[in-house]
Every structure is written in C-alpha cells, then in structure tokens.
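The values are calculated or read from the model by the stated rules, or taken from the named source; none is laboratory data. All values derive from a computational prediction rather than experimental measurement. No Cβ is skipped: glycine too gets one built from the backbone with ideal geometry, and neighbour counts run over all protein chains shown.
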Amino acid sequence: MNAKNEIEVKVPAVGESISEVFIGEWHVKEGSYVTADANIVGLETDKATFDVPAAVGGILTRILKKAGETATIGEVIGFIQPAEAPAASKPAPTAPAASAVPAGTKPAGSPSAGHVMPAAERMMAENKLPAGSVQGSGPGGRVLKEDVQKAAQSQTPARIGGLRETKTVPLSPIRQTIAQRLVSAQQTAALLTTFNEVDMSEVKKLREVYRDSFEKKYGIKLGFMSFFVRAVVSGLQQFPALNAQMSGKSLIHHNYCDIGIAVGGGKGLVVPVLRNAETMSFAEIEQAIAVFGGKAKNNQLTLEELEGGTFTITNGGVYGSLLSTPIVNPPQSGVLGMHGIFDRPVALNGQVVIRPMMYIALTYDHRVVDGREAVSFLKHVKEMIEDPTRLILEV
C-alpha cells in the first residue's frame with residue numbers, strides 16, 4: 001500500500017473545555033476493512049462518550065493510540081488506506097483428497113499446521129497444552145495468544161483449581177468522574193435520606209385505560225417516569241429549597257425545574273437533563289426520556305444534554321431494587337429514588353388488602369433543606385402519584 005494516500009484518523013473537537021480524550025475501544029482491528037461512515041473507535045471524556053466514523057472506506061492500516069491511552073484534540077490516532085470493499089464472499093479452497101495426503105503426515109488444515117507465535121507458545125507451556133492441540137486463527141493458520149486462551153478455558157473443568165487470571169483495566173474518564181462526584185457528595189454535603197411508600201394502583205389503572213390511545217397518538221408508551229417527573233415538579237414548586245443549590249455562603253434558587261433522569265449507558269450511569277420540565281407534557285417527557293435512553297445505550301449523548309440539572313430522579317426499580325439510598329448529584333440538593341413495584345399486604349380502611357406498592361426515597365442536603373421540607377416534599381409526591389388526576393388538573 002502507498003502510505004502517501006493514507007487518510008488520518010484524528011480526535012475531533014468535542015467541546016470548548018475538553019482538551020484530552022480517553023481511547024475507549026477500537027471497533028475495527030488493524031488490517032481490517034471499514035466502510036465509509038462506519039464507527040472506527042470510541043472516545044471518552046469525563047462527561048460523555050462518542051464514536052469516530054471513518055471518513056472513507058478502506059483498510060485501517062495503523063493504530064497509533066491503543067485502548068486505555070489518552071490523546072489530545074486534533075491528534076492523529078490512526079490511518080486508513082482508501083480501498084474498495086472486499087468481495088462479499090470467496091470460494092472456499094478445495095481440500096486435498098484423502099489419498100493425496102502422505103501417510104504419517106497431517107493435513108495442512110490441522111491445528112499444528114500454523115506457526116505458533118512466541119507469546120502463544122509461552123502460554124501453551126504455562127497451561128500444559130501439547131503442541132498441535134490449538135487451532136490457529138491468525139493469518140496462515142498462525143496460533144495466537146487468544147487461541148491458546150480459548151483452548152485453555154475450554155479445558156478448565158478438567159483442570160484442578162482452574163485458571164487464575166487478573167486483568168487491570170484503567171478507569172475511563174466517565175468512571176473517574178462518577179467516582180469523584182460520589183465521594184465529593186459524601187464528604188462535602190450533609191446527606192440524609194427519608195422514605196415513604198406509594199400505592200401505584202391508580203397510576204396503573206390510568207395507564208391501562210389510556211395505554212393504547214396514548215401510544216397511537218404520540219408514538220410512545222406511557223410510562224411511570226412521566227408521572228413522577230410531573231409529581232416532582234409540583235413538589236419543587238411547593239418546596240423550592242429542594243430546587244436550590246449551595247454556592248459558597250449563598251443559595252442559588254431556580255425558578256425553573258431542570259430534571260436529571262439517571263439512565264444506564266454503555267459506559268456507566270449518566271444523567272441527561274429535561275430542560276424546563278415544568279412546561280413539558282406527559283408525551284414530551286416520555287419522548288425525551290426515550291431519546292435519552294437510546295443515545296445512552298449507543299454512547300451518543302452530548303455534553304449539553306448532560307450538563308446542569310436542578311434535581312435528579314433515579315429508578316433502581318428497573319433493575320429489581322426494593323429499597324436504596326440514592327446519592328445527590330452535586331451541586332444539587334436532592335435526588336428522588338424510585339424502586340420496584342411489588343404486590344404487598346397493606347392496611348386499608350381497617351382491612352388487609354393486596355396493593356402494588358413502591359418504596360420511594362429522598363436523599364437531600366441537610367445544609368440546604370430542613371427535615372420538615374424534605375418529608376413534606378416526599379409526602380406530596382406520594383399523594384400526587386396516588387391520585388394522578390391531580391397532576392392533570394394541577395391541584
């Protein structure tokens with residue numbers, strides 16, 4: 001290949017305050033073909049992850065920065081040699097007839113036909129794998145380290161004690177930021193958690209009645225989160241301290257509700273923000289959350305979608321959580337934790353009945369929010385969810 005024709009793979013600009021990125025995962029191996037606009041490599045910052053697409057179709061000839069390394073904005077991290085796409089399929093080579101193989105020798109396709117690479121040879125010796133017992137997957141049937149690992153793992157049940165391996169993986173910028181923020185929240189804020197429980201019967205009935213018509217009109221399912229977002233907005237308007245933030249010796253009060261929705265992404269927990277949630281309808285909330293969920297799964301959330309927020313809602317119930325104590329997202333003063341909905345016996349009008357119940361938890365910064373306000377806020381959320389028509393009538 002002519003190196004002069006190679007196209008540089010550069011780290012793109014991702015934000016005014018970002019000067020360095022973390023190389024996440026190369027989606028294409030060195031020497032492999034990649035189509036134009038296909039994702040080549042995943043990059044990470046302390047706030048978001050994103051993929052770099054191929055500018056042209058061709059062979060990824062060189063990778064200059066490996067996964068786990070850092071690179072600066074504009075730095076060249078690889079090269080692509082423009083080339084046409086390889087044929088979709090090639091006829092398989094014809095195997096020689098059995099009679100053509102000399103007696104006492106092995107066919108060319110046998111495991112021992114390929115050259116064993118040095119690292120693979122050492123691993124074979126460590127795992128006491130006999131020569132010729134590993135099928136090579138490298139060029140020309142070469143036996144690679146990965147081939148030996150697979151062969152060793154397949155024999156693990158018969159080996160006393162099994163394999164004992166460790167793997168050191170550097171923390172990505174996002175995981176580092178999550179760790180720092182969680183520790184900072186515990187060390188700098190006076191955190192306290194209060195609990196309550198919600199009877200989800202009425203919300204479930206309402207969803208059942210209007211599920212089909214809602215989805216038909218808006219193209220999205222009516223979930224529980226939109227009810228809780230509306231209930232939280234109502235609570236924040238009545239108890240504004242939970243929508244405030246401490247800044248030095250002052251409190252910053254917000255006349256808007258930017259609600260962060262914690263979602264699990266490919267690289268960890270992220271919190272995209274619903275801007276001015278107080279102006280959003282049920283459908284707008286559900287549609288926005290669906291978009292956030294898709295972007296989080298594909299690591300496509302932008303920095304603007306993750307920045308800010310005056311209050312956060314997290315739903316551990318999607319993972320089966322019964323009860324937990326969420327941690328505030330600094331510099332916010334409160335976070336609401338939703339949990340799983342489980343049928344439980346409860347006392348109602350002097351009788352024991354079975355109801356779909358959910359525990360809810362509010363963790364708050366006691367420096368900003370008094371206990372009375374926190375308990376009253378959570379009780380207000382409970383009342384709005386148990387009588388969801390109040391959310392529609394705004395009473």
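Summary table below
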item: Tally of residues being touching an Asp or Glu at 6+ places or on another chain (Cβ under 6 Å) and not β-branched (Val, Ile, Thr) across the stretch 267-287; result: 2
item: Flag if residue 304 is of a type in the set (Asp, Glu), crowded, with 16+ Cβ neighbours inside 10 Å and not in a strand (DSSP E or B); result: no
item: Looking only at the stretch 55-65, and only at residues there that are touching a residue at least 40 places away in the same chain (Cβ under 8 Å) and part of a loop (DSSP other than H, G, I, E, B), the one that is surrounded by the most Cβ atoms within 10 Å (Cβ to Cβ); result: 65
item: Positions within the stretch 6-21 being touching a residue at least 12 places away in the same chain (Cβ under 8 Å), of a type in the set (D, E, K, R) and part of a loop (DSSP other than H, G, I, E, B), in sequence order; result: 6
item: Pick from the stretch 27-54, criterion without any contact (Cβ under 8 Å) to a residue 24 or more places away in the chain and not in a loop (DSSP other than H, G, I, E, B), ranking: surrounded by the most Cβ atoms within 10 Å (Cβ to Cβ); result: 39
item: Hits in the stretch 213-232 (condition: out of contact with any Leu (no Cβ under 8 Å at 6 or more places or on another chain) and either within 16 Å of residue 308 (Cα to Cα) or not aliphatic (A, V, I, L, M) (or both)); result: 213, 216, 217, 218, 219, 221, 223, 224, 226
item: Among (1) more than 18 Å from residue 389 (Cβ to Cβ); (2) in a helix (DSSP H, G or I), the one test that residue 203 misses; result: (1)
item: Members of the stretch 293-325 found to be farther than 28 Å from residue 22 by Cα and not hydroxyl-bearing (Ser, Thr, Tyr), listed by number; result: 311, 313, 315, 316, 317, 318, 320, 322, 323
item: Any hit, the stretch 151-164, residues being surrounded by 10 or more Cβ atoms within 10 Å (Cβ to Cβ), within 18 Å of residue 118 (Cβ to Cβ) and modelled with pLDDT of 75 or more; result: yes
item: Residue within the stretch 380-391 that is surrounded by fewer than 21 Cβ atoms within 10 Å (Cβ to Cβ), at pLDDT below 95 and of a type in the set (S, T, N, Q) present; result: yes
item: Set 311, 342, 377: member being surrounded by fewer than 19 Cβ atoms within 10 Å (Cβ to Cβ) and of a type in the set (Phe, Trp, Tyr); result: 342
item: Any hit, the stretch 374-389, residues being in contact with a strand residue (DSSP E or B) (Cβ under 6 Å, 6 or more places away or on another chain), in contact (Cβ under 8 Å) with a residue 60 or more places away in the chain and part of a strand (DSSP E or B); result: no
item: Among residues of the stretch 213-236, those that are hydroxyl-bearing (Ser, Thr, Tyr) and surrounded by fewer than 19 Cβ atoms within 10 Å (Cβ to Cβ), counted; result: 2
item: Qualifying residue in the stretch 259-280 (condition: of a type in the set (D, E, K, R), assigned to a helix (DSSP H, G or I) and within 22 Å of residue 325 (Cα to Cα)); result: no
item: Check on residue 336, surrounded by 14 or more Cβ atoms within 10 Å (Cβ to Cβ), within 23 Å of residue 392 (Cα to Cα) and in contact with a Leu (Cβ under 6 Å, 6 or more places away or on another chain); result: yes
